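Everything on this sheet refers to the single structure shown next.
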Amino acid sequence: MTVVDDTRAAYDAVAPVYAELFSDMLATLPMERALLAAFAELVTGPVADIGCGPGQVTAHLHSLGLTAFGIDLSPSMIALAREAHPDLRFEEGSMTALDLADGVLGGILAFYSVIHLPPRLLPAVFAEFRRVLAPGGHLLLGFFAGDDPLPQEFDHKVTLAYRWSPDTLADLLRRAGFAEVARMVRAPHEGERFQQACLLVS
């Protein structure tokens, strides 16, 4: 099995529990909500929430006035997203090969979804993000942060994941043709193990 297959199977297995645990996750994340609000103000055109899970953040983007739709590897997650948010569009798909034409998106949200990719795959995924974004489009990336310049494996509760230095990820994004607009790094809240980070690029 490939990494994509492993990740799909892992999220399929936990989908109902995951959806219940994280249905109101943004309620306790004011910094993340602020960045999503800024993202919504900057973006013009449709937005893909890539790695959307059960669709709670896609729905939040919609509430901010964006034409947002979700893409996820897991059929079980997509089924839950469609059930919870029947007015929104959700599709199965992989960020490694998006079924989207060049330059059709005004924005991409990848909220803790690239964390499961082996580091060697990130440059190709960032190139894919660049391909489907229109000129001037924005990408907002959420991830677990670390101080080491090299990505660090950790035992994520669903499947293997990586922490990244914001500087290292920003450099990979620059190489893919993006320019940094803003970043946020915050201390872990109660119950979180690591620093949390977001990078906003265009």
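Quick look at the numbers
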| item | result |
| --- | --- |
| Total residues in the stretch 158-198, condition within 20 Å of Arg120 (Cα to Cα) and touching a His at 6+ places or on another chain (Cβ under 8 Å) | 4 |
| When residues of the stretch 113-124 are limited to those that are over 12 Å from the mean Cα position of the chain (by Cα) and open to solvent by less than 20 Å² (accessible area, probe 1.4 Å), the one farthest from Arg193 (Cα to Cα) | Leu122 |
| Output for the stretch 67-78, where each listed residue is open to solvent by 20 Å² or more (accessible area, probe 1.4 Å) and either among the basic types (Lys, Arg) or at pLDDT below 95 (or both) | Leu73, Pro75, Ser76 |
| Members of the stretch 165-178 found to be of a type in the set (A, V, I, L, M), open to solvent by 10 Å² or more (accessible area, probe 1.4 Å) and part of a helix (DSSP H, G or I), listed by number | Leu172 |
| Residue in the stretch 99-112 that is without any contact (Cβ under 8 Å) to a residue 24 or more places away in the chain and open to solvent by 30 Å² or more (accessible area, probe 1.4 Å) present | yes |
| Subset of the stretch 67-109 [in contact with a Pro (Cβ under 8 Å, 6 or more places away or on another chain) and of a type in the set (Asp, Glu)] | Glu92 |
| Positions within the stretch 179-202 being within 16 Å of the chain's Cα centre (by Cα) and not in a strand (DSSP E or B), in sequence order | Ser202 |
| Some residue of the stretch 116-124 being within 22 Å of Leu169 (Cβ to Cβ), aliphatic (A, V, I, L, M), outside any strand (DSSP E or B) and free of Cβ contacts under 8 Å to residues at least 40 places away in the same chain | yes |
| Subset of the stretch 49-106 [under 23 Å from Ala38 (Cβ atoms) and in a strand (DSSP E or B)] | Asp49, Ile50, Ala68, Phe69, Gly70, Ile71, Leu105, Gly106 |
| Some residue of the stretch 21-34 being modelled with pLDDT of 90 or more and surrounded by 17 or more Cβ atoms within 10 Å (Cβ to Cβ) | yes |
| Qualifying residue in the stretch 147-165 (condition: closer than 23 Å to Gly55 by Cβ and in contact with a Cys (Cβ under 9 Å, 6 or more places away or on another chain)) | no |
| Residues located in the stretch 79-98, provided they are farther than 14 Å from Pro16 by Cβ and surrounded by 23 or more Cβ atoms within 10 Å (Cβ to Cβ) | Phe90, Met95 |
| Matching entry among Gln196, Gln152 (being surrounded by 13 or more Cβ atoms within 10 Å (Cβ to Cβ) and over 22 Å from Val57 (Cβ atoms)) | Gln152 |
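A quick yes/no check of all residues on (1) outside any loop (DSSP other than H, G, I, E, B); (2) modelled with pLDDT of 95 or more; (3) surrounded by 19 or more Cβ atoms within 10 Å (Cβ to Cβ); (4) on the phi > 0 side of the Ramachandran plot:
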| position | (1), (2), (3), (4) |
| --- | --- |
| Arg131 | yes, yes, no, no |
| Leu139 | yes, yes, yes, no |
| Phe143 | yes, yes, yes, no |
| His156 | no, no, no, no |
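The values are calculated or read from the model by the stated rules, or taken from the named source; none is laboratory data. Quick caveat: nothing in here was measured; it's all calculated off a predicted structure. Ideal geometry is used to build each Cβ from the backbone, glycine not excepted, and the neighbour counts take in all protein chains shown. Note: areas computed on protein heavy atoms with side chains; ligands, DNA, RNA excluded. Shrake-Rupley method; radii C 1.70, N 1.55, O 1.52, S 1.80 Å.
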